[in-house]
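The values are calculated or read from the model by the stated rules, or taken from the named source; none is laboratory data. No experiment lies behind these values; they were computed from the predicted model shown. FYI the Cβ positions are ideal-geometry reconstructions off the backbone, even for glycines, and counts take in every protein chain you see. These accessible areas exclude ligands, DNA and RNA; they are computed on the full protein's heavy atoms, side chains included. Shrake-Rupley method; radii C 1.70, N 1.55, O 1.52, S 1.80 Å.
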Amino acid sequence: MIQRFLLILGEILLIAYINYKERGSYYSLDVLYCLPVIHAARIGAIHAMSRTDNQLPTLIAILTAVIWSMAEASITISWQDYPPSAFVLNVLSRSLTFAIVARMLTRVWKERDRARKDSLTELGNRLEFFDKFETEQLRSERSGIPYSLLFIDVDQFKLLNDNHGHNIGDLALKSLADILRENSRRVDTAVRFGGDEFVLLIPETDEQACHALINRIKQATENKFSREGWPISISVGFVTDCGRRRSADEILHEADMRMYSDKKSKTASSLGYEAAASG
């Protein structure tokens, strides 16, 4: 919080210096004072910020108005001849204007971020995925480094909902989302694709690293679901590719088919075990 505040404060002071470094200049850069307000509004719109950060746009709006008015008063005419009422009115009017702008921008950015997030798990949604997927394909094409995609489905999720209720089902989805967050990097993109389906986009990851990640995720979910007594597990399909050779739909379709193969193999193994036990 302090570091962000100091950076924006430095930006305000720099604008004031550039704007009033020459007395009697015919050029005005007053519009640049909007920049620190915009930056503060963007910070305030980020969901993970604390309550203190949520007040940052208003604080920066007032601070910008004060510094702007002080710089204006000290350069245009002497402080002795500057009416205090004019200074106060300038500060109040500019503070109010900047605060309104900051509040509106914060709301716009929050709504934009909310439109790209799943309300239950706080992971990204389809819109977030397709945006990040296009960016990753472009990066992979330039660098020649492969990326991987995991398609994850919860097995027996309907059974969990029917036997334990939808609240427990929601809790299970949140738990899986937490596991995906804990086992992914900042550059990875985890999304809830719909229902009990999740997708994890992993930049700069080959098949070997992908297998290791799948094993970690499966082990973590098995431990969590077992502790909670939930009769569910996950099936995972993955694709490793490079560049823009295939579309997002083609990659997703292949990962989906591999996920179903994983699901069928577990079902076949379970049936074989039950047959052997009964025999």
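Going by a ≥ b ≥ c, the root eigenvalues of the Cα gyration tensor, does the stretch 190-240 fall in the rounded group (a/c under 1.5), the prolate group (a/b larger than b/c) or the oblate group?
oblate
Helices from the chain with mean Kyte-Doolittle at least 0.0 and a Cα length along the axis of 18 Å or more, per DSSP H: which?
2-20, 56-76, 84-115, 166-182
Convert 37 °C to kelvin, take the viscosity as 0.692 mPa s, use the Kirkwood radius over C-alpha pairs of the chain as Rh, and evaluate the Stokes-Einstein diffusion coefficient in µm²/s, rounded to a whole number.
144
Considering only protein heavy atoms and a 1.4 Å probe, what is the carbon-and-sulfur percentage of the accessible area of the stretch 94-171?
Solvent-exposed carbon and sulfur of the stretch 94-171 make up 56 percent of the total.
Can you pull the percent of Cα pairs in the stretch 125-201 with separation above 14 Å?
Summing the P(r) tail past 14 Å for the stretch 125-201 gives 65 percent.
Taking the chain as a Gaussian network, Cα atoms linked when under 10 Å apart, which of LEU29, LEU200, LEU150 shows the biggest mean-square fluctuation?
LEU29
Take the Cα atoms of the stretch 120-279, find their three principal axes, and give me the spread along each one in whole Å, biggest first.
55, 36, 23
Taking R0 as 30 Å, what FRET efficiency do you get between PHE87 and ASP113 from their Cβ-Cβ distance, rounded to the nearest 0.05?
0.20
Would you please give the FRET efficiency between HIS166 and LEU32, computed as 1/(1 + (r/R0)^6) with r the Cβ-Cβ distance and R0 = 51 Å, to the nearest 0.05?
The value I calculate is 0.45.
Taking Cα pairs under 8 Å and at least six residues apart, what relative contact order does the stretch 84-200 come out at, in percent?
Value for the stretch 84-200: 31 percent.
Given 0.36 nm per residue, what is the gain on full extension from SER261 to GLU182 after removing their alpha carbon distance, in nm? Let's see the in-between values first.
On the way: separation 79, 0.36 × 79 = 28.44 nm, distance 2.60 nm.
Fully extending the segment from SER261 to GLU182 adds 25.8 nm.
At ARG126 and GLN156, where each label point lies 7 Å from the Cα along Cα→Cβ, what is the point-to-point distance in nanometres?
3.0
Grab the beta carbon distance between GLN3 and LEU96, set R0 = 30 Å, and tell me the FRET efficiency rounded to 0.05.
According to the calculation, E is roughly 0.60.
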